[in-house]
1. Among the listed residues 426, 384, which satisfies the condition of being touching a His at 6+ places or on another chain (Cβ under 9 Å) and at pLDDT 95 or above?
2. If I filter the range 273-281 for residues that are more than 19 Å from the chain's Cα centre (by Cα) and among the acidic types (Asp, Glu), do I get at least one hit?
3. So, residue 289, is that one more than 13 Å from the ligand (Cβ to nearest atom) and in a helix (DSSP H, G or I) or not?
4. Restricting the first residue to the range 385-407 and requiring it to be among the aromatic types (Phe, Trp, Tyr), which pairs with a second residue that is within 13 Å of the ligand (Cβ to nearest atom) meet a Cβ separation below 7 Å and a spacing of at least six or different chains?
5. Would you check which residues across the range 220-270 are surrounded by 20 or more Cβ atoms within 10 Å (Cβ to Cβ), within 16 Å of the chain's Cα centre (by Cα) and within 7 Å of the ligand (Cβ to nearest atom) and list them?
6. Can you name every residue in the range 45-55 that is more than 20 Å from the chain's Cα centre (by Cα) and crowded, with 16+ Cβ neighbours inside 10 Å?
7. How many residues does the range 380-426 contain that are part of a helix (DSSP H, G or I), closer than 11 Å to residue 324 by Cα and of a type in the set (A, V, I, L, M)?
8. Can residue 209 be described as within 30 Å of residue 243 (Cα to Cα), within 16 Å of the ligand (Cβ to nearest atom) and either in a strand (DSSP E or B) or among the aliphatic types (A, V, I, L, M) (or both)?
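The values are calculated or read from the model by the stated rules, or taken from the named source; none is laboratory data. Since we're looking at a predicted model, the values are computed, not measured. Neighbour counts are summed over all protein chains in view; Cβ atoms, including those assigned to glycine, are modelled from backbone coordinates with ideal geometry.
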Amino acid sequence: MSLRISVFGTGYLGATHAAGMAELGHEVIGVDIDPAKIERLQRGEVPFFEPGLPELLKKHVDSGRLRFTTDAAEAAEFADVHFIGVGTPQKKGEYAADMSFVDAVIETLAPRLTRPAVILGKSTVPVGTAARLAARVRELAPVGGEAQLGWNPEFLREGFAVEDTLRPDRLVLGVDKDNPGRIEEVAREVYADALSRDTPIVVTDLATAELVKVSANAFLATKISFINAVAEVCEATGADVADLADAIGYDERIGRKFLGAGLGFGGGCLPKDIRAFMARADELGSGQALRFLREVDDVNLRRRDHVVDLAAREAGGSLKGARIAVLGAAFKPNSDDVRDSPALDIAGRLHLGGADVRVFDPEAMANAAAVWPTLHFADNAQQACADADVVIVATEWSEFRTLDPVALKDVVAKPTVIDGRNCLPAESWIGAGWRYLGLGRYSS
Ligand code: UDX
């Protein structure tokens with residue numbers, strides 16, 4: 001059945017969700033406070049890089065099933081189901097998440113409701129937020145516009161956002177257990193065409209649903225830092241962390257995914273989510289329970305120090321004047337997102353250390369230049385590597401993984417490569433005469 005849906009927030013999460021809902025057959029209105037963004041989306045343009053999304057968005061803007069507005073009243077009037085998909089970034093100078101965008105959605109939407117509605121939160125929020133927002137909705141909604149609020153965390157990965165939205169591996173739904181209302185029924189209707197008969201549906205209380213999301217991200221971050229901590233020990237002994245990860249990954253209880261050692265995690269979710277989780281636990285008096293996440297964060301950041309130190313060592317002991325190519329700026333491939341990106345962080349630090357840094361990324365150059373306008377950006381990988389003393393592969397884009405080490409050797413000053421993502425075929429590079437340095441694995 002086709003529903004009328006609004007999605008507040010048109011960033012990675014909101015824009016993908018809005019287009020995904022239209023693809024599932026619903027009539028959708030996307031809402032954002034940024035008029036320039038809304039204008040672009042309304043023209044069928046996606047303001048960020050996400051494979052498959054431009055086609056999906058254009059298809060449904062053209063069909064008229066998807067439109068965008070800055071007017072919350074229009075969305076309140078139009079839709080029966082309202083999704084909250086705005087950002088919850090880390091507060092400046094603090095670990096806690098900034099809830100002002102989520103709060104603003106409720107403050108603008110609730111008083112404008114004209115008929116009973118369901119509000120489903122998707123943003124990643126500190127536990128306790130949904131109950132607080134539900135109470136606020138009860139205060140603000142006019143008579144006749146009573147709304148029920150549920151929490152429906154989103155697990156999409158950048159780079160696979162469309163696939164993850166249209167074929168989620170589970171549906172998690174938090175409801176007020178004392179007053180569940182129609183939320184489950186409505187959510188099942190919303191996602192009917194995205195769920196297979198086998199898709200697990202977990203209906204739980206609001207606090208559990210909020211915690212599911214942050215726990216999932218904390219677990220993923222812990223898994224990455226675990227293997228990066230082991231990588232540090234491998235470096236001290238000459239062992240190979242990639243072989244080790246293969247071997248332990250065959251144990252189904254462990255699994256090979258998220259055991260990729262290298263420069264560690266970044267992006268708009270994992271780093272800020274573990275910090276917000278710690279901050280919230282502190283507030284609740286359970287800070288000790290999550291103290292290990294401090295270590296997870298530290299291990300992760302140490303990988304960046306390690307690569308900066310390696311580059312300085314390979315450049316002859318000092319960064320001053322060394323020509324360094326950094327291949328990659330995005331926090332991971334198939335994304336133009338540079339938020340908390342390990343690649344861009346090390347490029348910036350090498351630059352501040354006095355190196356002559358040349359950066360190239362297939363998609364993230366504009367975003368990278370907005371953060372680091374003083375960095376040099378090259379037009380392609382070869383140009384970034386010209387006369388380089390050290391080449392660092394910092395994001396595992398497939399075009400870097402398949403670089404020809406024989407041809408590239410001719411353009412650099414010194415054939416030294418640091419494989420920051422353990423993504424290169426080491427033997428081919430060594431065979432072509434390169435000094436190859438993996439992270440937590442062998443160096444030639
Ligand atoms: C993550 C979660 O996966 C997703 O479920 C949630 O909704 C949002 O946060 P995303 O930030 O898009 O998604 O990226 P993800 O693919 O999880 O990668 C996060 C970071 O971990 C990247 O910087 C990546 O390079 C790094 N990573 C991942 C590793 O360093 N090693 C690995 O083995 C896997």
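1. 384
2. no
3. Yes; evaluated as a whole, the condition is true for this residue.
4. Final answer for the pair search is 397/328; 397/333; 400/328; 400/393.
5. 224, 263, 264, 265, 266, 267, 268, 269, 270
6. Across the range 45-55, there are no qualifying residues.
7. Of the residues in that region, 1 qualify.
8. On the way: within 30 Å of residue 243 (Cα to Cα): no; within 16 Å of the ligand (Cβ to nearest atom): yes; either in a strand (DSSP E or B) or among the aliphatic types (A, V, I, L, M) (or both): yes.
Considered against the rule, which asks whether it is within 30 Å of residue 243 (Cα to Cα), within 16 Å of the ligand (Cβ to nearest atom) and either in a strand (DSSP E or B) or among the aliphatic types (A, V, I, L, M) (or both), residue 209 comes out as no.
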